[in-house]
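A.B. asks: This structure is in structure tokens; I'll ask about it shortly.
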Amino acid sequence: MEVFRLSREKFAGTLSGKGAAIKGARWNSVGVELIYTAANRSLAMAEVAVHFTLATIPADYVMVTIFVPGDISLQKINVADLPADWNTFPHPVSTQIFGDKFVRDNKYCILQIPSSVTQGDYNFLINPYRADFRRIKIIATEKFPFDKRIFS
């Protein structure tokens, strides 16, 4: 399977959850490493675009294509499995507790989770602490200019 990550160019060469651990995000608390990826390029873009305006979006984004072997351990989550407030903005602590538990339990390398930005699409959260994580590889990195019409 291929998953996608829109990243600043200077951070695109390494798969690491260190950036997410610095500030925390929807599915992880500060200090918990988790790699956020999306099922397709459009969702990867949407997940980033919701945080910017045309005036504030950096020009150095690249689309990273990541290969995940088909036998990597994966847990699928449905909306019914999530806290009631899982898709609210700003993100609630309940979702961070959910993601932190996924990392702490360390039973799976990938968590397939519904997108809070695009209903019906899925993000794939990667646990960098799993032994099978080392088999996940970046296979392509391409410049990704945002279409200005998205922000108008």
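A.B. asks: Once the other residues with Cβ under 11 Å from the Cβ of Ser115 are scored (Lys, Arg +1; Asp, Glu -1), what is the net sum? Can you show the working numbers first?
C.D. replies: Working: positive: Arg26; negative: Glu47, Asp121.
Local charge sum for Ser115: -1.
A.B. asks: Okay, helix-only estimate at 222 nm for the chain: each DSSP H run of n ≥ 4 adds -39500 (n - 2.57), divide by all residues, round to 500 deg cm²/dmol; what do you get?
C.D. replies: -5500 deg cm²/dmol
A.B. asks: Around Leu125, under 15 Å between beta carbons, what's the net of Lys plus Arg minus Asp minus Glu among the other residues? Provide the component values of the computation, followed by the final result.
C.D. replies: On the way: positive: Arg5, Lys18, Arg26, Lys76, Lys101, Arg104, Lys107, Arg130; negative: Glu33, Glu47, Asp81, Asp100, Asp105, Asp121, Asp132.
So the environment of Leu125 carries a net charge of +1.
A.B. asks: Between their Cα atoms, which of Lys10/Lys137; Lys107/Lys137; Lys101/Lys143 are more than 25 Å away from each other? Please list the in-between numbers first.
C.D. replies: Details: Lys10/Lys137 17 Å; Lys107/Lys137 20 Å; Lys101/Lys143 34 Å.
From Lys10/Lys137; Lys107/Lys137; Lys101/Lys143, over 25 Å: Lys101/Lys143.
A.B. asks: Given Cβ point charges of +1 (Lys, Arg) and -1 (Asp, Glu) and nothing else, what value in debye, to the nearest 20, does the dipole of the chain about its Cα centre take?
C.D. replies: Dipole size: approximately 300 debye.
A.B. asks: Test of understanding: ordering His91, His51 by Cβ neighbours within 10 Å, fewest first, what list do you get? Present the calculation step by step, with values, prior to reporting the outcome.
C.D. replies: Working: His91 16, His51 9.
Lowest count first: His51, His91.
A.B. asks: Moving to a separate point now. With Cβ to Cβ distances under 14 Å as the rule, what net charge do the other residues near Pro90 carry (K, R +1; D, E -1)? Let's see the in-between values first.
C.D. replies: Numbers: positive: Lys23, Arg26; negative: Asp85.
Local charge sum for Pro90: +1.
Values quoted throughout were computed directly from the atomic coordinates according to the rules given, and no laboratory measurement underlies them. Note that the structure is predicted; figures quoted are calculated from it, not measured. Reconstructed Cβ throughout: ideal geometry from the backbone, glycine too, with neighbour counts over all protein chains shown.
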